[in-house]
Amino acid sequence: MEVRAEGDSTFTQLLVEVSRAVPPRLVVERLAPRAQLLREVNRYTNLLVIAPWISSQAQELLRQNGIAYLDLTGNVDIRVARPAIIIHTAGAEKAPRSAPRETNRTTLAGLKAGRLVRLLADVPPPHRAIDLHRISALSLPYVSRLLDTLEDQLLIRRKGRIITDVDWAQLLRARAREISLLAHGSYQGFLAPNGVPALLQQISQLPTEYVDGLSVTGSYTVQRFVRVAVGGQLMLYVGHWLNIDDVADELGLLPVAEGADVLLMNEPDAFVRRRSEFIDGVQYVAPSQAALDCLAGPGRMPAEGEALLDFMKTYPEKWRASGNDAGAPPIQH
């Protein structure tokens, strides 16, 4: 495609690459070398990638490599020196349902993916698929397929069959883009008559089956590690052996339709309590789970999740597993 300025002989050429999907690995291994070759042959020829949808990670890699892009949701970045053209618009952050997916490609949605994401984030590499299969209790074929997807997204890197590097922060962000903390209606809102601090003290004095089955996530877990706005809703996962209504009665919580300061959420999987920690008799989920929940949450929670990720990058020794507990089995009750 040739672009000319009106009334001027100056022009540029855009070599259009149309693709059904643009995973980050495609950008690094195929598109970037092609763009570099184009610049060496003719500096006035630019590569333009067109796809139904392009992820934010792939967009960043395209920009870093000087590759223009356009997707059908409105994500556009075209920068040309001669004639001077700059077009940048933002479209969908998440893939629309209508966007084509690679056939039989395993995604980061679903409970099973959540288990593998937590393991890869919490435990430093190296990893083997067989070990991840054993610890997560997921089928080996599923683990292998999801690892292939993560490699395409440049979220992991492998040498042979060994995972040698995990971009755990981007992995948590990618997982959060596929889920929504409160989208499935598995929670109820309540008011704590005496306030949240008193409620936390009350939880620590409950019978063991309640103490073990209630785990704090969201803002109140983030506040253990970083300075963020005080308060927010107290979010509690409720173990599968407990009933939300029974927990609310035990704690004297008042059900409300709006303005809740406590959310009781049915625990989607025992893995959310993996590597949790008890502080003053109250169970808090691990930082990786709290970050994931915040990134997938409403309101100010994604910003709190990013603040927690910054802390986790700075102090990995405070949350990542050591060799002694890396192979701990999933928590069960």
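Below 8 Å between Cα atoms, with a sequence gap of 6+, how large is the relative contact order for the range 75-207 in percent? Mind dumping the intermediate values first?
Working: 108 pairs, mean separation 26.9, N = 133.
Across the range 75-207, relative contact order equals 20 percent.
What order, most packed first, do the peptides 82-90, 116-124, 292-300, 24-32 have when packing is the mean number of other Cβ atoms within 10 Å of each residue? Numbers along the way, then the final one.
Values: 82-90: 11.6, 116-124: 23.4, 292-300: 20.6, 24-32: 17.7.
Most protected by this proxy first, the peptides run 116-124, 292-300, 24-32, 82-90.
I'm checking a number: the convex hull volume of the Cα atoms of the range 66-140, normalised per residue, in Å³. What is it? Provide the component values of the computation, followed by the final result.
Details: hull volume 12.2 nm³, N = 75.
Residue-normalised Cα hull volume stands at 163 Å³.
Lys94: which lysines have alpha carbons under 28 Å from its alpha carbon, excluding same-chain residues fewer than 8 sequence positions away?
Lys112, Lys313
Give me the base-10 log of I(q)/I(0) for the range 187-318 at each q in 0.14 Å⁻¹, Debye formula, one uniform scatterer per Cα, rounded to two decimals.
So the normalised log intensities are -0.58.
Quick check for me: using +1 on Lys/Arg Cβ and -1 on Asp/Glu Cβ, what's the dipole size of the range 111-177 about its Cα centre, in debye to the nearest 20?
Values: 13 positive and 7 negative charges, 30 e Å.
With only Lys, Arg, Asp and Glu charged at Cβ, the dipole is about 140 debye.
Between Asp269 and Thr10, what length comes free when the chain is fully extended (0.36 nm per residue of separation minus the Cα-Cα distance, one decimal in nm)? Intermediate values should be presented prior to the final figure.
Numbers: separation 259, 0.36 × 259 = 93.24 nm, distance 6.06 nm.
Between Asp269 and Thr10, full extension yields 87.2 nm more.
Any chance you could give the angle, 0 to 90 degrees and rounded to 10, that helix 301-314 forms with the longest Cα principal axis of the chain?
80 degrees
Could you give the size of the charge dipole of the chain about its Cα centre, using +1 on the Cβ of each K and R and -1 on the Cβ of each D and E, expressed in debye and rounded to the nearest 20? Intermediate values should be presented prior to the final figure.
On the way: 36 positive and 37 negative charges, 306 e Å.
Here the chain has a charge dipole of around 1460 debye.
In terms of the ratio Rg/(2.2 N^0.38 Å) built on C-alpha atoms, what value belongs to the range 141-229? Before the final figure, lay out the partial values.
Details: Rg = 19.2 Å, N = 89, 2.2 N^0.38 = 12.1 Å.
Dividing the Cα Rg of the range 141-229 by 2.2 N^0.38 Å gives 1.58.
For the range 71-87, in order, what is each residue's ³J(HN,Hα) by Karplus, 6.51 cos²θ - 1.76 cosθ + 1.60 with θ = phi - 60°, in whole Hz (x at glycine and Pro)?
Once θ is set to phi - 60°, the couplings for the range 71-87 become 10, 7, 9, x, 6, 9, 8, 10, 10, 10, 6, 10, x, 5, 9, 9, 10 Hz.
With r defined as the distance between the Cβ atoms of Leu182 and Arg227 and R0 fixed at 30 Å, what FRET efficiency is calculated, to the nearest 0.05? Before the final figure, lay out each step's value.
Numbers: r = 25 Å, r/R0 = 0.83.
With a Förster radius of 30 Å, E is 0.75.
Given H placed on each backbone N at 1.01 Å, which residues far from Ile85 in sequence or on other chains put an amide H within less than 5 Å of it?
Correct list: Val80.
Evaluate the charge dipole of the range 1-147 about its Cα centre and quote only its size in Debye, nearest 20, assuming +1 on the Cβ of each Lys and Arg and -1 on the Cβ of each Asp and Glu.
Around 620 debye, computed over the range 1-147.
Shape of the chain from its Cα gyration tensor (a ≥ b ≥ c, root eigenvalues): rounded if a/c is under 1.5, otherwise prolate when a/b > b/c, or oblate? Numbers along the way, then the final one.
Working: a/c = 2.70, a/b = 1.90, b/c = 1.42.
Cα axes put the chain in the prolate bin.
With unit charges on the beta carbons (Lys and Arg positive, Asp and Glu negative) and the dipole taken about the Cα centre of the chain, which residue among Gln36, Leu62, Gly259 sits farthest to the positive side?
Gln36
Hey, what did the chain get for relative contact order, percent, Cα under 8 Å, at least 6 apart?
14 percent
Any read-out appearing in this document is the output of simple, stated calculations on the displayed coordinates, not a laboratory observation. Worth saying up front: this structure is predicted, and the values here are computed from it rather than measured. FYI the Cβ positions are ideal-geometry reconstructions off the backbone, even for glycines, and counts take in every protein chain you see.
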